[in-house]
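Enquirer: Pasting a structure here, questions to come.
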Amino acid sequence: METSSPPPPRSSPNLGLSLDARLGVDTRLWAKVLFTALYALIWALGAAGNALSVHVVLKARAGRAGRLRYHVLSLALSGLLLLVVGVPVELYSFVWFHYPWVFGDLGCRGYYFVRELCAYATVLSVTG
């Protein structure tokens, strides 16, 4: 009776490469800085605009356009929450540090739940 032994492990040609290169993600520093600046600009303008919308809606007098006020308030709050939660995590996890996910399983599930919840709230508010 002949038994076969498992083949010896092959040496990987990528063993000397960095983790980012082995994952197929090789982002240059200038690109990381550029995306950080763009994300910061998007975050600042979006947060300021949505916060201003919330302020204006809350300070306005109640009148005939009561439903419109709630509609705009809902849009502004979901956009603000999406910016506050989504942009920093995406910048950290997808631009600067690709692997491993440092927030754990619960953080991963919570992040994607809140991000999708805000996105769906915005979409359904616009279409509704």
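Enquirer: Scan (1) within 30 Å of Arg28 (Cβ to Cβ); (2) touching a Cys at 6+ places or on another chain (Cβ under 7 Å) for the single condition Cys108 breaks and write down its number.
Expert: Checking Cys108 against (1) within 30 Å of Arg28 (Cβ to Cβ); (2) touching a Cys at 6+ places or on another chain (Cβ under 7 Å), the one that fails is (2).
Enquirer: Of everything in the range 42-64, what is in contact (Cβ under 8 Å) with a residue 12 or more places away in the chain and open to solvent by 60 Å² or more (accessible area, probe 1.4 Å)? Give them in sequence order.
Expert: Ile42, Trp43, Leu58
Enquirer: Go through the range 86-110 and report how many residues are within 23 Å of Ala37 (Cα to Cα) and in a helix (DSSP H, G or I).
Expert: Looking only at that region, the number is 11.
Enquirer: Follow-up. Within the range 80-128, track down each residue that is open to solvent by 50 Å² or more (accessible area, probe 1.4 Å) and among the polar types (S, T, N, Q).
Expert: Residue satisfying the conditions is Thr127 alone.
Enquirer: Do we have any residue at all in the range 65-79 that's modelled with pLDDT of 85 or more, open to solvent by 70 Å² or more (accessible area, probe 1.4 Å) and either under 24 Å from Leu124 (Cβ atoms) or assigned to a helix (DSSP H, G or I) (or both)?
Expert: For the range 65-79, residues modelled with pLDDT of 85 or more, open to solvent by 70 Å² or more (accessible area, probe 1.4 Å) and either under 24 Å from Leu124 (Cβ atoms) or assigned to a helix (DSSP H, G or I) (or both): present.
The values are calculated or read from the model by the stated rules, or taken from the named source; none is laboratory data. For clarity, every value in this text was computed on a predicted model and none was experimentally measured. Cβ atoms come from the backbone with ideal geometry, glycine included; neighbour counts cover every protein chain shown. All accessible areas refer to the heavy atoms of the entire protein, side chains included, with ligands and DNA or RNA removed. Shrake-Rupley method; radii C 1.70, N 1.55, O 1.52, S 1.80 Å.
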